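To start, the structure itself, in structure tokens.
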Amino acid sequence: MIMKDYLLIFIGMIILMIGVLIGVAYLTLLERKVLGYIQIRKGPNKLGLIGILQPFADAIKLFTKEQTYPMFSNYLVYYFSPIVGFSLSLTLWMMIPYYFNFFSFNLGFLFFFSCTSLGVYTLMISGWSSNSNYSLLGGLRAVAQTISYEVSLAFIMMSTIIMIMDFNLLKLMDYQKFIWFLILMFPLSLCWLSSSLAETNRTPFDFAEGESELVSGFNVEYSSGGFALIFLAEYSSILFMSLMFVLMYMGGYSLSFIFYLKLSFLSFVFIWVRGTLPRYRYDKLMYLAWKSYLPISLNFLLLFLGFKIILFN
């Protein structure tokens, strides 16, 4: 019986991963379409009905291209870092608070921190191992940026943890039955949203791949499958950060159409920001992270801590 349970959990994991990958494929299509309309053009519209098969054509093209690698690269590390990064971004999805046939994550928040912190290493190693100055610079920028943001990200999340006094993500739904945390923590939710943009290396904080300065940044030496995996990891993180926003601020997890609508809207916001805002200046990002978000998140943390102490007394 126990073996059957484990087998069901494993099958559930595989189905979830396939679902995430299909979601990522269509998120890339949505991005290309939305950016097309923002720039007053069509976007992909040839393959299938209104370009619906485009992601699969791209995937086939990328994975069948010849894999090139630099002569002086640290080959094994260079080859495996995109695979590890991709695996990490999929592992994050294991903490979705399902009601059935899955792991019950009582420590979901801690698992989230562990996985996102490890993600920095894959970025850094991808940049360093190809032995190219441009990609090394891109990797260093990514590390500095992520370290700056993860501090305030942790404090913002701690405010939510204090509100529910639990690490279990399912509890978020119980506490948001009558009022969303978005209303109670509006400034913090905006800080979280812009921090997630930086966490996933998206415009206006995409310094790790600043095309105008670093020629595509840390992934400049990657081609075919390696590049595709880095790409997939980034988009899977975008979907996951949107999921975390919905869980923490927009009513928690529920098996309803509205939940997935909220998730899709948040993913659309990531694309919308890319089409609207220019890239931020690098030193200003550091200034924003350390001198604006850190004090704001700390002050709100103390505020909610004070609320809890008053309520418990």
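The values are calculated or read from the model by the stated rules, or taken from the named source; none is laboratory data. Since this is a predicted model, take the numbers as computed values, not measurements. Reconstructed Cβ throughout: ideal geometry from the backbone, glycine too, with neighbour counts over all protein chains shown.
From (1) at pLDDT 85 or above; (2) over 23 Å from the mean Cα position of the chain (by Cα); (3) over 22 Å from Ile96 (Cα atoms); (4) in a helix (DSSP H, G or I), pick out the condition that doesn't hold for Ile11.
(3)
For residues in the range 273-287 being part of a helix (DSSP H, G or I) and in contact (Cβ under 8 Å) with a residue 24 or more places away in the chain, which is surrounded by the fewest Cβ atoms within 10 Å (Cβ to Cβ)?
The qualifying residue surrounded by the fewest Cβ atoms within 10 Å (Cβ to Cβ) is Thr276.
Take the range 11-52 and flag every residue that is touching a residue at least 24 places away in the same chain (Cβ under 8 Å), surrounded by 13 or more Cβ atoms within 10 Å (Cβ to Cβ) and farther than 13 Å from Ser236 by Cβ.
Once the filter is applied, which keeps residues that are touching a residue at least 24 places away in the same chain (Cβ under 8 Å), surrounded by 13 or more Cβ atoms within 10 Å (Cβ to Cβ) and farther than 13 Å from Ser236 by Cβ, the range 11-52 yields Gly12, Met13, Leu29, Leu30, Glu31, Val34, Leu35, Ile38.
For the range 69-121, how many residues meet the condition of being among the hydroxyl-bearing types (Ser, Thr, Tyr) and either modelled with pLDDT of 85 or more or in a helix (DSSP H, G or I) (or both)?
11
Among what's in the range 81-96 and is of a type in the set (Ser, Thr, Tyr) and buried (at least 19 other Cβ atoms within 10 Å of the Cβ), pick the residue that is nearest to the chain's Cα centre (by Cα).
Ranking the candidates gives Ser89 first.
Could you pull out the residue among Phe240, Phe231, Phe270, Phe265 that is part of a helix (DSSP H, G or I), modelled with pLDDT under 90, in contact with a helix residue (DSSP H, G or I) (Cβ under 9 Å, 6 or more places away or on another chain) and of a type in the set (Phe, Trp, Tyr)?
On inspection, the qualifying residue turns out to be Phe231.
Listed here are the residues, each with its yes/no results for (1) without any contact (Cβ under 8 Å) to a residue 40 or more places away in the chain; (2) surrounded by fewer than 18 Cβ atoms within 10 Å (Cβ to Cβ); (3) under 24 Å from Leu137 (Cβ atoms).
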| position | (1), (2), (3) |
| --- | --- |
| Ile164 | yes, no, no |
| Asn168 | no, yes, no |
| Met173 | no, yes, no |
| Phe178 | yes, yes, no |
| Pro187 | no, yes, no |
| Trp192 | no, no, no |
| Ser195 | no, no, yes |
| Asn201 | no, no, yes |
| Phe205 | no, no, yes |
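Just to be sure I understand the filter: pairs with C-beta atoms under 6 Å, separated by 6 or more residues or on different chains, first member in the range 131-159 and over 16 Å from Leu193 (Cβ atoms), second member charged (D, E, K, R). Which pairs pass?
Pairs that qualify, where the first residue is over 16 Å from Leu193 (Cβ atoms) and the partner is charged (D, E, K, R), are Ser132/Glu221; Ser135/Glu221.
Restrict the check to the range 51-59 and report whether at least one residue is in a helix (DSSP H, G or I), acidic (Asp, Glu) and at pLDDT below 85.
The answer is no; no qualifying residue exists.
Name the single residue, out of those in the range 243-262 being out of contact with any helix residue (DSSP H, G or I) (no Cβ under 9 Å at 6 or more places or on another chain) and aliphatic (A, V, I, L, M), that is nearest to Ala25 (Cα to Cα).
Here the answer is Leu261.
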